[in-house]
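Some notes on the structure that comes next.
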Amino acid sequence: MTQWSGYFGLILQGALVTIELTLMGSVLALVMAFLAGMGRLSRFFALRALATAYIEFFRGTSIFVQLFFAYFVLPLVGFELTPLQAGVLALGLNVGAYAAEVVRGAVQSIGREQHEACIALNLGRWQGLRHVILPQAFLVMLPTFGNNVIELLKATSVVSLISLADLTFQAQVVRAQTGNTMVPFATILVIYFILALLISWGVRSLERRMARGLDGVRV
């Protein structure tokens, strides 16, 4: 039993790395989603083209290849990354590309009357976006953003391929040392599920709070 408690300690250490990856990757994904999503709506062709190129490239190539490129290829051109940094970069850019289309679609889903009301109130394009359009659009984005974060959480398992000691890596270590497959992988299965439930609960709570506050935003 004492031996297994040590092995479970390893898995919990891996859980902390997975949580760290998920949090930092989600922040990067959110930033990239808004930059690329709003870029797709820009009046300037160069910005639209750049945003489209980013989205299509990261949606159209494998997360495995992106991770290996960040960790093994970038150092060849002078960008040395730790396994954690490479994992965050690959996961954040990959999920951000998918979430960018969520941003674009949510902004475009806001009724024309809201845009016209911004003009009637003499709000500039940026003022209207910031104070009226984006708060409403963000509520539309939230459910899909929650799905994106859960997908990012599950995708963190790929970092075990570059020897980052996340949940999956530690489960493989325990399996190799004990010869037992069911216990370590059943354990991380439950941990991934609990983390996904916590993300879903957090997103739903935020959604309810934002919905209550939107009455003062619509014009």
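The values are calculated or read from the model by the stated rules, or taken from the named source; none is laboratory data. All figures in this text were calculated on a predicted structure; none of them were measured in a lab. Note that each Cβ is placed from the backbone with ideal geometry, even for glycine, and that neighbours are counted across all protein chains shown. We work out accessible area using only protein heavy atoms, side chains counted, and drop any ligands, DNA or RNA first. Shrake-Rupley method; radii C 1.70, N 1.55, O 1.52, S 1.80 Å.
Applying a length cut-off of 27 Å (Cα extent along the axis) and a mean Kyte-Doolittle floor of 0.5 to the DSSP H helices of the chain leaves 2-40, 83-109, 134-155, 182-213. Of all accessible surface on the chain at a 1.4 Å probe, what whole percent is carbon and sulfur? Within the chain, the accessible surface is 67 percent carbon and sulfur. Counting heavy atoms of the protein chains alone, ILE194 has an accessible area of about 80 Å² for a 1.4 Å probe. Averaged over its residues, the chain has an accessible area of 55 Å² per residue, based on protein heavy atoms and a 1.4 Å probe.
The label point for GLN177 and the one for VAL27, both projected 7 Å from the Cα toward the Cβ, are 3.1 nm apart.
In plain terms, the chain from PHE193 to ALA46 could stretch by 48.7 nm, reckoned as 0.36 nm per residue minus the Cα-Cα distance.
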